[in-house]
Amino acid sequence: MVAHELDLFIIGAGSGGVRAARIASEHGARVAIAEEYRVGGTCAIRGCVPKKLLVYASRFSDDFADAAGYGWTVPTPSFDWSHLIANKDREIARLELAYTTALERAKVQLIAERAVLEDANSVRLLSSDKRVRAGRILIATGAAPALGAHIPGIEHAISSNEAFGLPALPERILIQGGGYIAVEFAGIFAGLGSEVTLVYRGKTILRGFDDDVRAHLTSEMERRGIRIITGHTVSAIEQMAAGYTSRLSDGTSVATDRVMFATGRRPNVKGLGLETVGVRLGKSGGVAVDEYSQTSVGNIYAVGDVTDRVNLTPVAISDGHAFADSVFGGAPRPVDHINVPTAVFSEPEVGVVGLTETQALERLAKVDIYKTTFRPMKATLAGRDTRTFMKLVVDGTSDRVVGAHIVGAEAAEMIQLLAVAVKMGATKADLDATMAVHPTGAEELVTMREKAIGYVRKAAE
Ligand SMILES: Cc1cc2nc3c(=O)[nH]c(=O)nc-3n(C[C@H](O)[C@H](O)[C@H](O)COP(=O)(O)OP(=O)(O)OC[C@H]3O[C@@H](n4cnc5c(N)ncnc54)[C@H](O)[C@@H]3O)c2cc1C
C-alpha cells in the first residue's frame, strides 16, 4: 500500500469543508484544506451573513416610518451605502479570521490556493505546482452564480457576488430572477431606497414554495412598491450614457442604473479534474453521491452545494460532519435531508418546513389545510398596510403536521422552532393542546381551529 502524506485532503474551505476538516481532525485524521478565495466560503463571505446584514440595514426605513404612529418624531433619516459596506466588510474579515483560527486550532493545514484532482489519491496545487497525496479526498467546492443563456450585453449584469460590493447604492435596479436570492435583494434595495424592478420568466416568484406563499409574498412586495414583471426575461442589456437599458422579451425596455441577474447557481465542478479521475456527475450537474456523500470513486467524497442536493449552509455543515463521523469517527451515518426548514429573508420574511399543499396532495390520501391571514399588531398604530400569512398542511389520516408555511415578520425565527415539532412528528392536536403566548404573531400557529380545506383522494374514500 502507498503511504499518503495525509488522511484527508479537502478542496474548498466553505461551510461543508471547514466542518468536515475540524471533525475529521478531532477524530485523529491528518487533514489539509485548500481554499482559492477566502476562508469561510460563500455563506460567510458573499452569501447568508453579508446578505442578512444588508437585510437588517434595509429594514430601518420601515422602522423610522412606523415610529411616528408610536409617538416618535424622527428627523428625516439619511443613508450612507459606503458606511454600511465598510462595516459589513469589517465583520466579514473578522469572521474569516475566526474560521482560519478555528482550523489552526484544530491542527488542520490550510493551503491558500486552487486545488484540482490529479488521480484518485492525489491533488495538484495549481499555484505552487505541488502534488499532495491523501487517503481520502473531499470535494467541497460549493457553487457559483449562473447567469443563464448568453444575451447581448450580459457582461453588464452583476450577480450577488458584485452586489455586496457596489461602489454606490443604485437609484434604480433591475433584478432578473424569481428565486430566494432575487427576492431578497429586491427587498434589500427597495428598503434602502432604490426603485426596484423584478423580472421573472415564470408565472409566479419562488418556484418550489407553496402556492399561497408565492401569491402572498408577491402582493406584499408589490404593496411595497417593487415592480414585478413575470412571464418575461431580459433579452439584451445596453450600456447608456448613464446606466443601462434592459430589453425584455415582450419588446419593452426598462432603464436602470444597475442590472443584476440572480438566475440560479451552478455547482463548482469545472476544471476540477473529475472526468480524469472518473467522478460521475448527477443530472443537475452536481457531483453524484450516495447517502454517505461517497462519489462513484470509493475514496472520494463530496458535500454541500457542489452535490446540488439541498443548497443551504446548515445542510452543507451537517453533510460535512456526517462524512467525518462516518469515515474517520467509526460511526457511519447517512445525512438526513428530510424536513429541512428554510427561510427567505424577503420583506416580509418567509419561513417554511415540510410539504407544500401540492406535494401533500401528491403523496397523501387525506390532506387538511389550515390557514390564516391577519394584520400584525405592530402594523396597527404604525398604520402600515401589511398582512401576515400562516398555513399548516396536515396529514388527514394521521393528523401529523407535514408542512408549515409563514410569511410575515420573524417568520424565520418562528419556523426554526416549529421545525422541531414537525421533525418530532407533532400532530395538529399537539399544536391545539399547546397554550398560546399572547399577544404574539406566533400564537396563531396554535390557535387555527377552522379547517380551510379537507381533501380526500377518491380511492381513499
Ligand atoms: C447570496 C446568497 C445568500 C445565501 N443565503 C443563505 C441563507 O440565508 N441561508 C442558507 O442556509 N444558505 C444561504 N446561501 C447558500 C449557502 O451560502 C451555501 O449553501 C453554502 O455556502 C454551501 O456551502 P459549501 O461548503 O457547499 O460551499 P461554499 O460555502 O460555497 O464553499 C466552497 C469553497 O470552495 C472554494 N473553492 C472552489 N473551488 C476550489 C478549488 N478548486 N480549490 C480551492 N478552493 C476552491 C470556494 O472559493 C469556496 O470558498 C446563500 C447563498 C448566496 C449566494
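None of the figures in this text is laboratory data; all of them are computed from the coordinates on show. What you see is a predicted model; the values in this text were computed from it and never measured. A quick note on method: Cβ atoms are made from the backbone with ideal geometry, for glycine too, and the neighbour counts reach across all protein chains shown.
As a ratio to 2.2 N^0.38 Å, the alpha-carbon radius of gyration computed for the chain takes the value 1.06.
Please find the FRET efficiency linking residue 336 to residue 155, where r is the Cβ-Cβ separation and R0 is fixed at 35 Å, and quote it to the nearest 0.05. Calculated transfer efficiency: 0.25. In Å, what Kirkwood hydrodynamic radius results for region 131-225 from the alpha-carbon pair distances? Roughly 15.7 Å, rounded to one decimal.
The residue among 453, 125, 406 whose Cα reaches farthest toward the positive pole of the charge dipole of the chain, with charges on the beta-carbon of Lys, Arg, Asp and Glu, is 125. Computed from label points 7 Å out along Cα-Cβ, the spacing between residue 146 and residue 37 is 1.6 nm. Here the gap between residue 447 and residue 429, fully extended at 0.36 nm per residue and compared with their Cα-Cα distance, gives a gain of 5.4 nm. So if I place +1 on the C-beta of Lys and Arg and -1 on the C-beta of Asp and Glu, and nothing else carries charge, what would the dipole magnitude of region 322-461 be about its Cα centre? I want it in debye, nearest 20. Rounded to the nearest 20 debye, it is 300 debye. Considering only 138, 151, 173, the residue lying farthest towards the positive end of the dipole of region 127-240 is 138, judged by Cα position with unit charges set on Cβ. For region 1-137, the equivalent ellipsoid built from the Cα gyration tensor has semi-axes of 44, 14, 11 Å, listed from largest to smallest.
State, to one decimal in nm, how far the label point of residue 232 lies from the label point of residue 362, with both points 7 Å from Cα in the Cβ direction. About 3.1 nm, to one decimal.
Electrostatic tally near residue 351: other residues with Cβ closer than 12 Å to its Cβ, Lys and Arg +1, Asp and Glu -1, net -3.
Using a Debye calculation, one point per C-alpha and no hydration shell, please list log10 I(q)/I(0) for region 225-371 at q = 0.12, 0.15, 0.16 Å⁻¹ in order. Here the Debye-derived log intensity ratios amount to -0.81, -1.01, -1.04. In summary, the helical segments of the chain meeting the span-like criteria, namely a full DSSP H run, a Cα extent along the axis of 20 angstrom or more and a mean Kyte-Doolittle hydropathy of at least -0.5, are 48-67, 81-105, 313-328. Couplings 3J(HN,Hα) for region 145-158, derived from phi with the Karplus relation 6.51 cos²θ - 1.76 cosθ + 1.60 (θ = phi - 60°), are x, 10, 8, x, 4, 5, 10, x, x, 4, 5, 7, 7, 9 Hz, where x marks Gly and Pro.
Projected over every direction and averaged, the convex hull enclosing the alpha-carbon atoms of region 397-461 yields 5.3 nm². Simple point charges give the picture: +1 on the Cβ of Lys and Arg, -1 on the Cβ of Asp and Glu, and for the chain a dipole about the Cα centre of about 460 debye.
Cα centroid separation, region 43-117 to region 250-275: 23 Å. What is the sum of charges, Lys and Arg at +1 and Asp and Glu at -1, for the other residues whose Cβ falls under 13 Å from the Cβ of residue 195? Neighbour charge sum, excluding residue 195 itself: +2. Go through 8, 256, 318 and say which Cα lies farthest out towards the positive end of the charge dipole of the chain; charges sit on Cβ, +1 for Lys and Arg, -1 for Asp and Glu. In the chain, that residue is 8. Beta bridges from DSSP with both residues in the chain: antiparallel share about 65 percent, rounded to the nearest 5.
Taking other Cβ atoms within 10 Å as a rough exposure proxy, 4, 150, 321 sort from fewest to most as 150, 4, 321. Note on region 175-246: along the principal axes its Cα atoms extend 42, 27, 17 Å, ordered by decreasing extent. A simple count of charges around residue 168, restricted to other residues whose Cβ falls under 10 Å of its Cβ and scoring Lys, Arg +1 and Asp, Glu -1, yields -1.
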